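One structure is given below, encoded as structure tokens.
The values are calculated or read from the model by the stated rules, or taken from the named source; none is laboratory data. If you're wondering where the values come from, they're calculated on a predicted model, not measured in any experiment. Positions of Cβ are generated from backbone atoms using ideal geometry, with glycine treated the same way; all protein chains shown enter the neighbour counts. These accessible areas exclude ligands, DNA and RNA; they are computed on the full protein's heavy atoms, side chains included. Shrake-Rupley method; radii C 1.70, N 1.55, O 1.52, S 1.80 Å.
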Amino acid sequence: MACGRRSAGSKRQVILFILCFCVCQSGAETLRYSLAEEMERDSLIANIAKDLGVSPSQLAARNARIVSEGNEQLFRLNQNTGVLTAKKSLDREEICPQSDTCT
């Protein structure tokens with residue numbers, strides 16, 4: 001009898017883990033774009049809302065943001081329109097000084 005309870009509890013834990021994993025994965029998406037070197041300031045990069053298939057109002061409601069690894073934000077996201085732009089002219093040699101590719 002105790003084995004039956006323990007087994008049901010283990011099954012419930014596995015199902016809960018799978019459910020949590022699926023919910024977490026469905027809420028996050030990564031978009032990647034290739035950019036031309038020395039793009040001008042305020043150049044259009046993409047419409048994030050369109051690429052994700054959501055309305056711009058959903059971006060604001062979900063608190064969409066651009067995450068940068070460095071100290072400087074190179075891009076700007078307008079949550080009202082979904083438009084992603086360059087905050088300044090982008091120079092690969094300045095951003096990634098000792099690399100053939102820049103990510």
*Inside the stretch 66-81, can you point out the residues that are touching a Lys or Arg at 6+ places or on another chain (Cβ under 8 Å) and outside any loop (DSSP other than H, G, I, E, B)?*
PHE75, ARG76, LEU77
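Keeping to the stretch 89-103, report how many residues are open to solvent by less than 60 Å² (accessible area, probe 1.4 Å) and charged (D, E, K, R). Break it down stepwise before answering.
As a first pass, look at the stretch 89-103 and keep what is open to solvent by less than 60 Å² (accessible area, probe 1.4 Å): 89-91, 96, 99, 102.
When the remaining residues are screened for being charged (D, E, K, R), the result is 91.
Residues that pass the stated criteria total 1.
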*Mind counting the residues in the stretch 15-29 that are at pLDDT 60 or above and farther than 30 Å from CYS96 by Cα?*
2
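Among the listed residues ARG32, ARG12, identify the single one that is modelled with pLDDT under 70 and either surrounded by 11 or more Cβ atoms within 10 Å (Cβ to Cβ) or not hydrophobic (A, V, I, L, M, F, W, C) (or both).
Working: ARG32 fails: modelled with pLDDT under 70.
Step by step, each of ARG32, ARG12 is checked, and only ARG12 is modelled with pLDDT under 70 and either surrounded by 11 or more Cβ atoms within 10 Å (Cβ to Cβ) or not hydrophobic (A, V, I, L, M, F, W, C) (or both).
Given the structure, is LEU77 open to solvent by less than 80 Å² (accessible area, probe 1.4 Å), in contact with a helix residue (DSSP H, G or I) (Cβ under 9 Å, 6 or more places away or on another chain) and modelled with pLDDT of 80 or more?
Values: open to solvent by less than 80 Å² (accessible area, probe 1.4 Å): yes; in contact with a helix residue (DSSP H, G or I) (Cβ under 9 Å, 6 or more places away or on another chain): yes; modelled with pLDDT of 80 or more: yes.
Spelling it out, LEU77 is indeed open to solvent by less than 80 Å² (accessible area, probe 1.4 Å), in contact with a helix residue (DSSP H, G or I) (Cβ under 9 Å, 6 or more places away or on another chain) and modelled with pLDDT of 80 or more.
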*Can we say ILE48 is surrounded by 11 or more Cβ atoms within 10 Å (Cβ to Cβ) and at pLDDT below 85?*
no
